[in-house]
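I have placed the structure first, in the form of C-alpha cells, so that the comments after it can refer back to it.
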Amino acid sequence: MSLGALIRRGTSFFNNGKSVDTATKDTLFPVVSKEIDGEDCDHDCDHCPGYGRAFDKIGVETQDELWGGIKGFANHVIVATGETDWIRDVEDIKGSVMRELKKNSEMLEQGRLMISASNLHPPLEYHSAAEEGKPQPTTVIVLPSFTVVENVAPSETPELIRRFVNTGPTTSTPLDPAPLTPKSPLSPATASTPPARAGPESEKAPELVQVGTPSAAAKPSSEATSVPTAEGEGTTAEPSPLDDSFTTLSLAPSSALKSYPFPHSYLILICSHRRRDARCGISAPILHKEFEKHLRPLNLWRDMTDTRDGGAKVLFINHVGGHKYSANVIIYRKEDGQGIWLARVAPKHIEGIVKFTVLQGKVVHPDMIRGGFNRRAGGISW
C-alpha cells in the first residue's frame, strides 16, 4: 500500500486525538428509555390495518441473533437505476457503474466499498444509452460523506473512487462534537426552498483531512509537476493521481464529474430485491407506504422529485445480505454520522422507528440491530 493510502487509512481511526472503537449492541446506539421518552416508547403500532397477518406469512426467520451478522464497510455508494428489482448480482450488469466499481475495487484505499443499486431516478442519458446498447451514465450518492455525484459514466468510476471515495470520510472517521444548539424543524417557507447546488466553479469536494506539514503546498491533480534533470533544468511530468508527496488529501475538480451535498437529513434504504428473495419484494413496498404515512405529517417526506432541504428520502436497494431477516432497513443520519442497520422490520415498527431512530438516533428494540456505525459517539460494529 502506498504512503498516501496509509495516511488516509490512518485518518479513519484518528481525528483530533479521538478514535472510533468497536462497540457492542448495548453501546453503539442509545436505546429508548421510559424515564426520558415516555411509558409507551417501546410499544409497537397496534393499528396497522391490512398488514399484520399478511406480513407475518412471508416467513421471516425469528430465532437467530442478528448482531454482528454484517460485513464491515468503509464507504457505501448508492447507484441510481430507476428500478426496484434487478438480476441476482447487480455487479454483473453489463455497462453499469456497479460492475465497474467492483472491477476497480483494487483502487480503494480506505477499506471495503459497499455497492447498492437503487430506484433513485437516473438522468435521461441513462435510458437513451441503454436503448443504444451503450454504457449508462448515472447519479450516485457517496456515503458517509453524503455527496451526490452526477453523470457518472462507467468509464469514470476510477475518478469517482479517487476523488469522492478515497478522499472522503469513512464509517470509522470520527465526527466533530454535536452543535450546542439543536436544529429546529424547518418552517414551511424554509422547507419549500430547494437546496443550492454547486456549479463547476463552486463545487464542494468531500470532507478533506489535512496531514503532514502545514506549510507544504498541495498540487491539483491536473497540474503538472516540475522535475529537475541532471543538467539542473526543469522538465514537466504528469503526477500520479495517488502521488505520496501531497499533504492535503484533495484532488482538483478537473473533469466532467460534478457534485453537490445530499440535500436531505436522512436516507432510509429498504431491500426490495425480489429476484434474490420474494420476502424482500413483498415487504419493501409495504414499509415504504408506512414510512410515508408517518413522515409526511411531519413535513419530512421527500419523494423522488422533491429536492427541498432536510427531510427524509426513502429508497429501494438491492440485496444487502440476510434476506431471511426481511425486512432489512438501513437508516443514515447525516448530522450525527450514524448508519443504523435494522432487520426483521415490520409495519408495526415504523411509527417508533420514525419517532426515535430516524429523528433521534435511538433504537426502540435492540434485538433488531444487525450493526452499523456511530461517528458522533465513536463506535462501529465491526
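The values are calculated or read from the model by the stated rules, or taken from the named source; none is laboratory data. No experiment lies behind these values; they were computed from the predicted model shown. Don't worry about glycine lacking a Cβ; one is built from the backbone with ideal geometry, like all the others, and counts go over all protein chains shown.
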Which one is farthest from residue 124 (Cα to Cα) among residues in region 75-93 that are charged (D, E, K, R) and without any contact (Cβ under 8 Å) to a residue 60 or more places away in the chain? 89
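Could you go through region 98-106 and let me know if any residue there is at pLDDT below 85 and surrounded by 15 or more Cβ atoms within 10 Å (Cβ to Cβ).
no
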Go through (1) part of a loop (DSSP other than H, G, I, E, B); (2) without any contact (Cβ under 8 Å) to a residue 24 or more places away in the chain; (3) not acidic (Asp, Glu) for residue 297 and report which single condition fails. (1)
